[in-house]
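Everything on this sheet refers to the single structure shown next.
The values are calculated or read from the model by the stated rules, or taken from the named source; none is laboratory data. Just so it is clear, the structure is predicted and the values come from calculations on it, not from any experiment. Cβ placement follows ideal geometry from the backbone for every residue including glycine, while neighbour counts extend to all protein chains displayed. All accessible areas refer to the heavy atoms of the entire protein, side chains included, with ligands and DNA or RNA removed. Shrake-Rupley method; radii C 1.70, N 1.55, O 1.52, S 1.80 Å.
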Amino acid sequence: MLGSFAYRRCPIWVQESFIAAKFSLRRMMREGRAFDAIAAQVDESQWWSERELRDFQSRKLRMIVESAARHVPYYRDKYRQPDLEGLEFPEAMAKLPSITKADVREGGKSLVSEKKQGPVFSGSTSGTTGAPLNLYQDMHAINRENAFIWRQLTWAGLRRGDRRAWMRGDMIVPATQEKPPYWRVNHAENMLMFSSYHLSEPAAPAYLDSLARFDPVVIQAYPSSIGFLAAWMLSAGLRYRGSSLRGIVTSSETLSDIQRREIESAFACRVFDWYGQFERVAAIGTCERGRHHLLTDYSYVEMLPAEDGLFELVGTGFNNLSMPLIRYRCEDLVRPAPATERCACGRSFPLIEQVVGRIDDPIKLPGGRSVGRLDHLFKGVEGILEAQIRQDRFDTLTMLVVASATFSDRTLATLESNARHRLGDGIALEVRVVDSIPRTGNGKFKGVVCNV
């Protein structure tokens, strides 16, 4: 609906009606009949002791593993039921095989439970590589995920009915629009939604004026989007004028220390960073004291030693019995705090010193626009094993693509359509099929590289 040809042709008040309808439907799904009970349990579990959390994890893990061994073809082939009897959880998890993104892509629907938990909903993400990952989740999974998001928003100071601002990947303003307003009101959720595709130095004053006039209690944003406005304000010697702002919740990108300092300085409030992923196997939230916590009531997470004191997250999600991911390697790294360290907030969740996730460059578009988080360009695109977006000239974007056997002219057409839809017609696009994508000096993959 949003971003469609019909939507782009409508006057703003009609667009806002579309937005309200879409988000009303989304809220109905995310806050189904069981939501209140789930949210109450999630609110209670944040105060459990370490022993209570460990007992909860043990019960959940046994249920998930035994259910998967009986009802999920993929795990039934890998686990032997007699071998699971008498195991103690969570210690027994280390004896089970881990799985990767490649395993999930290859396994496909064999990872879906034969035991129906009600309707299931499919979704896909390209992650940082451009290769699609298709997953299925049931209503309980959707409701439980939303309960944890709301708990994080509550930690940031939001209450039901409060005004919110939103600056993420939704195409609520046509990419070709060249003048404000670059925002729309979501009346269904008392939210002002900003385009993250029109940020530029000339547009920054209009963004900030609209934000201050709406005066939200909490802002939810990509770090690159809210960070751009913060950097612009500080360079101009300005400060945010709104009076109600209690917190800014960032997610979906790695928040750097510099971004955090600039955002908190410019907006005069705390940044609450949230780490999660589409696979829903690990979550890290920020409490009122500004500390990162690994949420052990959300999932069970093991840490595999990596390099320089970092650890890779390996997660088993508690949300989704319809497509359980057990010992899933996230490929993201964290630096944990000492195991004996406790937070002044009073919660028993382990502390995380640093989250090392995706770090992509923003690209530069005509008119001074700066756009980050571009994996939306690969959504719904089949036939790609891996992809990287490069900008070596102001007037051209190059997409390096490693093709799979299903790569076709349709792949190219969908990719170009997605890019034009989100970036407009002001920049040339070039797609090059390559055998492999070059890595950084330390062997890491980078999804977007800007050299201008």
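Residues of the range 263-293 that are over 20 Å from the mean Cα position of the chain (by Cα), hydrophobic (A, V, I, L, M, F, W, C), at negative phi and open to solvent by 10 Å² or more (accessible area, probe 1.4 Å): C269 alone. Selection of first residues in the range 259-271 that are under 13 Å from S243 (Cα atoms) and part of a loop (DSSP other than H, G, I, E, B) and of second residues that are open to solvent by 20 Å² or more (accessible area, probe 1.4 Å) and hydroxyl-bearing (S, T, Y), restricted to Cβ pairs under 9 Å at least 6 apart or on distinct chains, gives the following pairs, ordered by first then second residue: A268/Y240; C269/Y240.
From the list L400, L385, the one residue that fits, being in a strand (DSSP E or B), modelled with pLDDT under 85, under 25 Å from G357 (Cβ atoms) and in contact with a strand residue (DSSP E or B) (Cβ under 9 Å, 6 or more places away or on another chain), is L385. The number of residues in the range 359-388 being open to solvent by 40 Å² or more (accessible area, probe 1.4 Å) and not acidic (D, E) comes to 11. One residue stands out in the range 230-248 among those that are closer than 23 Å to I149 by Cβ and not small (G, A, S): the one that is surrounded by the most Cβ atoms within 10 Å (Cβ to Cβ), namely I248. Which members of the range 1-46 meet the condition of being charged (D, E, K, R), open to solvent by 70 Å² or more (accessible area, probe 1.4 Å) and either outside any helix (DSSP H, G or I) or in contact with a strand residue (DSSP E or B) (Cβ under 7 Å, 6 or more places away or on another chain) (or both)? Selection gives R33 alone. Can you give me the number of residues within the range 294-327 that are open to solvent by 20 Å² or more (accessible area, probe 1.4 Å) and in a strand (DSSP E or B)? Qualifying residue count for the region: 8. For the range 79-88, the candidate set comprises residues that are surrounded by 15 or more Cβ atoms within 10 Å (Cβ to Cβ) and of a type outside the set (F, W, Y); within that set, the residue that is modelled with the highest pLDDT is L87.
Considering every residue within the range 47-66, establish whether at least one is open to solvent by 20 Å² or more (accessible area, probe 1.4 Å), more than 30 Å from S195 (Cβ to Cβ), polar (S, T, N, Q) and at pLDDT below 90. No - not one qualifying residue is present in the range 47-66. Taking the stated definitions as given, is R160 free of Cβ contacts under 8 Å to residues at least 40 places away in the same chain and under 29 Å from G317 (Cβ atoms)? Judged against the criteria, R160 is a match.
Among the residues here, A94 does not qualify as free of Cβ contacts under 8 Å to residues at least 12 places away in the same chain, open to solvent by 30 Å² or more (accessible area, probe 1.4 Å) and under 20 Å from V301 (Cα atoms).
Where strands (runs of 3 or more DSSP E) fall entirely within the range 97-209, those with at least 3 residues that are open to solvent by 10 Å² or more (accessible area, probe 1.4 Å) and within 30 Å of V401 (Cα to Cα) are at 120-125, 133-138.
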